[in-house]
Amino acid sequence: MSLIMGGSLSGCVDAVIETALTEQRVVGAVVLIAKDGELLYSRAAGFSDRDVGQPMAVETLFRLSSVSKVYTSVAVMALIGQGLLTLDAPVTDWLPDFRPLSPDGRADTITVRHLLSHTAGLGYGFLEPADGPYHRAGISDGMDLSPLTLEENVRRIASVPLLFAPGSAWGYSIATDVLGLMIETVTGQPLADAIRALVTGPLGLADTGFAVADPARLATGYIHEGGVSRRMADPEIIPLPFLDGAEGLRMSLARACDPGAFASGGAGMIGSAGDLLRVLEVLRQGGQPLLSPALVAAMATDQTPGMDLLPWPGRGFALGFTVLRNPAAAGSPESVGTWRLGGAYGHSWFVDHANRMTVVAFTNAGLEGQSPGGRFPEDLTRAIYSGGGSLKTNMKSPG
Amino acid sequence: MRSKRVLFSEAFLRCKAIYLALQGNGGEGGIRTHGTLAGTTVFETAPFDRSGTSPQSSEKK
């Protein structure tokens, strides 16, 4: 589908943001759109912290939740490029005690590829009932203020039987946290230092990491419910309306400022929209200086042919993010091959190679701003591509 | 090869959010963010007190 650009793009995206703010589905947002390596649209709107009147700014920091997976996955690929990790080698080569059993009791081999593509058979506590095996084992999903160390959390993950045999199915999971421990093991550094050395440092990005020193730069989290957005409690459990029986997301706002919280490579990072745009643009343009073009191509290859991704119809999962297989099935105007992922604190991003376009949309509205599922990223996507369709249908008069 | 000079679209200038700019990158084009304010420490240093290379049962005290 063709893109609209220039003033039309700006007006349509502005309308999506203003409508979401007016309807209180979103409290604040930063939206960045790049095309052909040029920044076409950049806007910070609403409040970073509504309760104290702190406006959103382009440089506001966000709890990245699953956006963290991009940074950790790129770090893994960088280590593969350096010959320090191997995509199809057993995880036990680096974590010898990581031997969760398959459902039938066998000790199947889990590889780095399985972890990157979420085909290892691991799960996530937030997808389980409150008495599910991850909860019984006391595993942290990486967004709560857990007292565990990363090592202990991974040890507990290994104690729970897999949901399916490695490579036989796909399931969104805590696998990226296991990769985080692998990175620490291989580099001998804390994950924060390793990601700085492998990803953010080479690009000169100072606004992405773990444990924020200045809380004033950090957006407060809100939840849209009952027609308004309310400030998140701490801790907070956000139910998943699309998954019956699941307990939901255990979140703690305080985690982002606690240097003692374990470094969750799958959900525990903090960062700015601009830093993510930079990383995604580097990947889109071939990966240098982080990765070789061959590694980027490998990273973007669908690892789940023939598998259905429950929350992402029409998409497959590559090595760290989804790739669009079938736009019609996905109900998306994006091009085939588009990369996409989001974050539970209210984030979405996508890279459309055919249109040479990268979009980052961070909000501080849990689930509403998240891709998949949130209305805000869906409206935003439609506005960028066509400025019509359901955007017009969904539009309401301000006030 | 992409120019190393900053090129802003009209829409971008209208937004007045001049925090991102193009930067040449070894012949590769790319978008670069503004840096952190000089002297500002954005992130705390995390403790890293484990030894060995395999997962150990060690709950934080």
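The values are calculated or read from the model by the stated rules, or taken from the named source; none is laboratory data. These figures come from a predicted structure and were not determined experimentally. Backbone-built Cβ (ideal geometry, glycine too); neighbour counts: all protein chains shown. Keep in mind that these areas ignore ligands, DNA and RNA; they rest on the heavy atoms of the full protein, side chains included. Shrake-Rupley method; radii C 1.70, N 1.55, O 1.52, S 1.80 Å.
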> What residue, of A:Ser10, A:Ser68, A:Ser48, is of a type in the set (S, T, N, Q), at the interface with chain B (Cβ under 10 Å from one of its Cβ atoms) and open to solvent by less than 10 Å² (accessible area, probe 1.4 Å)?
Replying inline: A:Ser10
>> Against the condition touching a helix residue (DSSP H, G or I) at 6+ places or on another chain (Cβ under 7 Å) and closer than 25 Å to A:Ala45 by Cα, how does A:Thr208 come out, does it pass?
In response: yes
> touching a residue at least 12 places away in the same chain (Cβ under 8 Å), of a type in the set (A, V, I, L, M, F, W, C) and open to solvent by less than 10 Å² (accessible area, probe 1.4 Å): does that describe A:Ala219?
Replying inline: yes
> Any idea which of (1) modelled with pLDDT of 95 or more; (2) part of a loop (DSSP other than H, G, I, E, B); (3) under 22 Å from A:Leu240 (Cα atoms) is the one A:Tyr134 doesn't satisfy?
Replying inline: (2)
> Any residue at all in region A:225-237 that is open to solvent by less than 50 Å² (accessible area, probe 1.4 Å), touching a Ser or Thr at 6+ places or on another chain (Cβ under 7 Å) and not assigned by TED's automatic domain parsing to the domain that holds A:Gly142?
Replying inline: no
>> Can you tell me which of (1) within 23 Å of A:Val76 (Cα to Cα); (2) of a type outside the set (Val, Ile, Thr); (3) crowded, with 22+ Cβ neighbours inside 10 Å is the one A:Gly125 doesn't meet?
In response: (1)
> Going by the conditions given, is A:Gly142 within 30 Å of A:Ala57 (Cβ to Cβ), open to solvent by 10 Å² or more (accessible area, probe 1.4 Å) and within 14 Å of chain B (Cβ to nearest Cβ)?
Replying inline: no
>> For the condition assigned by TED's automatic domain parsing to the domain that holds A:Arg382 and open to solvent by less than 10 Å² (accessible area, probe 1.4 Å), what is the one hit in A:Leu40, A:Leu32?
In response: A:Leu32
> Of these, A:Gln54, A:Gln24, which one is open to solvent by 40 Å² or more (accessible area, probe 1.4 Å) and touching a Phe, Trp or Tyr at 6+ places or on another chain (Cβ under 7 Å)?
Replying inline: A:Gln54
>> So the check is Cβ under 7 Å with 6+ separation or different chains; which pairs have a first residue in region A:361-387 that's under 18 Å from A:Ile237 (Cβ atoms) and a second one that's basic (Lys, Arg)?
In response: A:Ala365/A:Arg25; A:Glu368/A:Arg25; A:Glu368/A:Arg375
>> Please count how many residues of region A:154-181 are closer than 28 Å to A:Arg340 by Cβ and within 10 Å of chain B (Cβ to nearest Cβ).
In response: 4
>> Against the definition (within 14 Å of another protein chain (Cβ to nearest Cβ) and out of contact with any Pro (no Cβ under 9 Å at 6 or more places or on another chain)), how does A:Thr92 come out, yes or no?
In response: yes
> Which pairs do you get when a residue that is part of a loop (DSSP other than H, G, I, E, B), found in region A:46-60, comes within reach of a residue that is β-branched (Val, Ile, Thr), reach meaning Cβ atoms under 6 angstrom, with the pair 6+ apart or on two chains?
Replying inline: A:Val58/A:Val30
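For every residue, the table says whether it meets (1) assigned to a helix (DSSP H, G or I); (2) more than 19 Å from the chain's Cα centre (by Cα).
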residue: A:Asp104; (1), (2): no, yes
residue: A:His114; (1), (2): yes, no
residue: A:Ala120; (1), (2): no, no
residue: A:Ala130; (1), (2): no, yes
residue: A:Met143; (1), (2): no, no
residue: A:Ser146; (1), (2): no, yes
residue: A:Val154; (1), (2): yes, yes
>> Condition check: of a type in the set (A, V, I, L, M, F, W, C), assigned to a helix (DSSP H, G or I), within 14 Å of chain B (Cβ to nearest Cβ) and over 18 Å from A:Gly268 (Cβ atoms). Does A:Val186 satisfy that?
In response: yes
>> Any residue at all in region A:211-230 that's at the interface with chain B (Cβ under 10 Å from one of its Cβ atoms), under 15 Å from A:Arg278 (Cα atoms) and assigned to a loop (DSSP other than H, G, I, E, B)?
In response: no
> List the pairs whose first member sits in region A:277-296 and is facing chain B (nearest Cβ under 7 Å), whose second member is buried (at least 22 other Cβ atoms within 10 Å of the Cβ) and among the aromatic types (Phe, Trp, Tyr), and whose Cβ atoms are under 6 Å apart, counting only residues at least 6 apart or on separate chains?
Replying inline: none
> In region A:27-45, which residues are modelled with pLDDT under 95 and away from chain B (no Cβ under 13 Å)?
Replying inline: none
